[in-house]
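As structure tokens, the structure follows; a few thoughts come after it.
The values are calculated or read from the model by the stated rules, or taken from the named source; none is laboratory data. All values reported here derive from a predicted model rather than from experimental measurement. Cβ: placed from backbone, ideal geometry, glycine included. Neighbour counts: every protein chain shown. Note: accessible area is taken over every heavy atom of the protein model, side chains too, but ligands, DNA and RNA are not part of it. Shrake-Rupley method; radii C 1.70, N 1.55, O 1.52, S 1.80 Å.
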Amino acid sequence: MSDDLQKNTTQGKIEDFKKRSKSLKLMGGEKQIKKQHDSKKLTARERLDLFFDKGTFQEVQLFVEHRSTLFGLDKKEIPADGVITGFGNVNGRVVFVAAQDFTSSGGSLGEMHAKKIWKVMDMAITAQKPFIALNDSGGARIQEGVPSLEGYGGIFYRNTIGSGYIPQITAIMGPTAGGAVYSPALADWVFMVKGSSFMYITGPDVIKVVIGEEVTHDELGGAIAHATKSGVCHFVTESDADCLEKIKQLLSYLPDSCHSPLPLSDCTDSTERICKELDSIIPDKGNRAYDMKKIIKSIADNSGMFELSELWAQNIIIAFIRIMGKPVGVIANNPRFAAGVLDVNASDKASRFIRFCDAFNIPLLTIMDVPGYMPGTNQEWAGIIRHGAKLLHAYSEATVPKITVITRKAYGGAYIGMCSKQLGADYVMAWPTAEIAVMGAEGACNIIYRGDISSAKNPAAKRDELAAAYEEKFNNPYFAASLGIIEEIISPHDTRKKVIALLEALKDKKEIILSKKHNNIPL
Ligand code: HXC
């Protein structure tokens with residue numbers, strides 16, 4: 001039988017389909033794949049193989065083709081239009097994905113490429129499952145013109161509509177330039193691969209021409225720059241494989257959607273465990289730092305802690321832990337960095353995390369040791385008033401169970417901001433080492449006893465004497481406890497037991513929310 005005749009048989013058609021699929025699945029071809037590997041990157045298909053449980057990935061719209069005829073595109077085939085879309089299982093749970101493939105015309109985003117992404121985003125939203133984007137793209141497909149921009153617009157719209165409804169995670173695994181950076185920015189969590197990924201609005205060449213500044217791709221928009229300076233990147237990863245593994249770890253803490261139950265893990269830890277190590281963690285000297293992460297790990301099941309934005313605004317820690325197998329979001333001041341003070345970046349970091357947890361029904365545990373807000377023109381002009389207000393807003397609007405533990409300093413407005421009772425904390429506990437006051441003793445005495453101190457024979461001794469009296473009255477948890485401003489004073493070693501009991505007691509918490517369109521958070 002001739003080839004043409006054979007094509008018209010059922011078997012022939014199936015063979016033809018297989019041949020076409022195979023050729024498309026090779027994406028940009030061997031030469032481009034080698035180039036990708038040479039730059040220490042996997043192809044999109046290799047990434048998906050690592051990401052999904054074996055054999056579960058279902059590809060959507062493999063046969064989509066671009067329809068542009070401009071600038072030679074009529075003669076150019078772009079397999080799968082540069083993006084692999086679909087869904088599959090990650091540790092048994094369904095997740096939707098769009099993985100751009102740099103081997104296929106640089107993963108550039110044209111009209112049909114975007115429409116493939118829209119399709120899986122729409123599916124993820126209606127199916128109420130997480131959406132993951134693996135970005136590796138030269139940006140808007142230049143030859144196609146404005147339909148590419150329309151494509152991005154549709155993605156940003158879906159990122160926004162799906163926000164707070166399904167978890168959205170973006171991994172930057174290659175270039176992400178220009179407006180393309182805004183889909184990651186609209187997602188909940190951004191991962192970057194060290195050395196092979198970068199993000200920026202305008203690249204080094206444009207910067208040099210426009211403002212004469214010289215900077216490399218990596219310095220400007222590499223993983224470390226965004227993880228330490230801008231806060232855009234929440235996780236720095238070492239390789240493509242490490243990045244995909246860390247995304248899976250994050251997913252294990254997240255529900256499928258805001259209407260889905262929290263994932264429950266097997267718990268081998270005990271409800272009765274005493275944390276003896278916490279009884280000696282607070283130094284005798286109030287200005288000494290200690291390791292707040294040790295406290296978080298002591299409270300968590302089996303010392304497990306998954307920290308986010310670890311390298312940015314290190315004066316505050318945000319992390320997921322599990323308590324009796326259930327995810328909990330932890331926000332804690334970090335006395336090791338700027339004494340755990342609140343500043344612009346710490347406020348932003350914590351506020352966004354609080355809103356994420358609240359959107360997905362993850363209870364909040366706040367561990368407070370805060371000396372105040374960072375003083376100075378730098379912070380005032382950077383808008384500490386506006387940014388600090390976000391924290392008040394985020395805590396106040398959150399309706400998930402909110403438990404607060406005060407380990408040491410709880411001073412002034414920053415005390416209010418770290419989920420104090422009046423911001424809606426369901427239960428505030430303090431360790432005997434807590435100091436709950438409008439401000440530190442020395443500063444307070446300098447103001448209220450200015451005359452007495454300056455007229456004293458020995459002003460320093462007088463200040464110390466007055467400060468001791470102030471400390472006795474305010475720098476302890478008893479005054480606050482006597483007014484019912486905190487619920488309990490607890491031994492540090494009981495903290496895990498107490499948190500477990502409270503999470504159980506509050507698990508069916510319901511708050512009445514006023515009927516309105518939405519809040520107006522001070523952005
Ligand atoms: C069309 C593109 C492309 C693009 C890359 N390619 N970017 N095609 N539109 N934006 C194609 C190349 O022509 C080449 O095709 C293949 O992808 C691989 O690209 P190379 O340049 O050979 O790769 P490399 O040397 O590794 O350089 C990678 C790069 C560079 C640094 C990303 O390609 C680059 O600068 N691209 C343009 C980046 C950019 O300016 N994007 C912004 C566009 S405007 P062949 O056929 O030879 O394999 C934008 C605005 C979005 O994105 C606004 C949204 C709101």
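Brief remarks follow.
- Evaluation of ILE78 against (1) within 16 Å of the ligand (Cβ to nearest atom); (2) of a type in the set (A, V, I, L, M, F, W, C); (3) under 29 Å from the mean Cα position of the chain (by Cα) (one fails), failing number: (3)
- Only one entry in CYS267, CYS258 is at pLDDT 95 or above, open to solvent by less than 70 Å² (accessible area, probe 1.4 Å), closer than 22 Å to VAL400 by Cβ and assigned to a loop (DSSP other than H, G, I, E, B), namely CYS258.
- Odd one out for MET199 among (1) open to solvent by 10 Å² or more (accessible area, probe 1.4 Å); (2) within 12 Å of the ligand (Cβ to nearest atom); (3) of a type outside the set (Ser, Thr, Tyr); (4) closer than 21 Å to SER309 by Cβ: (1)
- Among the residues of the stretch 440-450, not a single one is of a type in the set (S, T, N, Q) and either closer than 21 Å to PHE356 by Cα or within 27 Å of the chain's Cα centre (by Cα) (or both).
- Test result for THR85, surrounded by 24 or more Cβ atoms within 10 Å (Cβ to Cβ) and within 16 Å of the ligand (Cβ to nearest atom): no
Yes or no, residue by residue, for (1) touching a Lys or Arg at 6+ places or on another chain (Cβ under 7 Å); (2) surrounded by 13 or more Cβ atoms within 10 Å (Cβ to Cβ); (3) in contact (Cβ under 8 Å) with a residue 60 or more places away in the chain; (4) basic (Lys, Arg):
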{"site": "THR9", "(1), (2), (3), (4)": "no, no, no, no"}
{"site": "PHE17", "(1), (2), (3), (4)": "no, no, no, no"}
{"site": "LEU26", "(1), (2), (3), (4)": "no, yes, no, no"}
{"site": "LYS34", "(1), (2), (3), (4)": "no, no, no, yes"}
{"site": "LYS41", "(1), (2), (3), (4)": "no, yes, yes, yes"}
{"site": "LYS54", "(1), (2), (3), (4)": "no, no, no, yes"}
{"site": "GLN61", "(1), (2), (3), (4)": "yes, yes, no, no"}
{"site": "LYS75", "(1), (2), (3), (4)": "no, no, no, yes"}
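- One residue stands out among those in the stretch 120-130 that are open to solvent by 10 Å² or more (accessible area, probe 1.4 Å) and in contact with a helix residue (DSSP H, G or I) (Cβ under 9 Å, 6 or more places away or on another chain): the one that is farthest from the ligand (Cβ to nearest atom), which is LYS129.
- The stretch 152-180, residues that are within 11 Å of the ligand (Cβ to nearest atom), part of a helix (DSSP H, G or I) and modelled with pLDDT of 95 or more: TYR152, GLY153, GLY154, ILE155, PHE156
- Selection from the stretch 185-196 of residues that are farther than 14 Å from VAL236 by Cα and either more than 12 Å from the ligand (Cβ to nearest atom) or aromatic (Phe, Trp, Tyr) (or both): ALA187, ASP188
- Residue, farthest from the ligand (Cβ to nearest atom), within the stretch 134-151, restricted to residues that are hydrophobic (A, V, I, L, M, F, W, C) and open to solvent by 10 Å² or more (accessible area, probe 1.4 Å): VAL146
- Failed item, numbered, when ALA394 is tested on (1) closer than 23 Å to ASP284 by Cα; (2) at pLDDT 90 or above; (3) among the aliphatic types (A, V, I, L, M); (4) buried (at least 22 other Cβ atoms within 10 Å of the Cβ): (1)
- Residue match in the stretch 307-314 (condition: farther than 27 Å from TYR165 by Cα, open to solvent by 10 Å² or more (accessible area, probe 1.4 Å) and in contact with a Phe, Trp or Tyr (Cβ under 7 Å, 6 or more places away or on another chain)): yes
- Some residue of the stretch 327-340 being in a strand (DSSP E or B) and out of contact with any Phe, Trp or Tyr (no Cβ under 8 Å at 6 or more places or on another chain): yes
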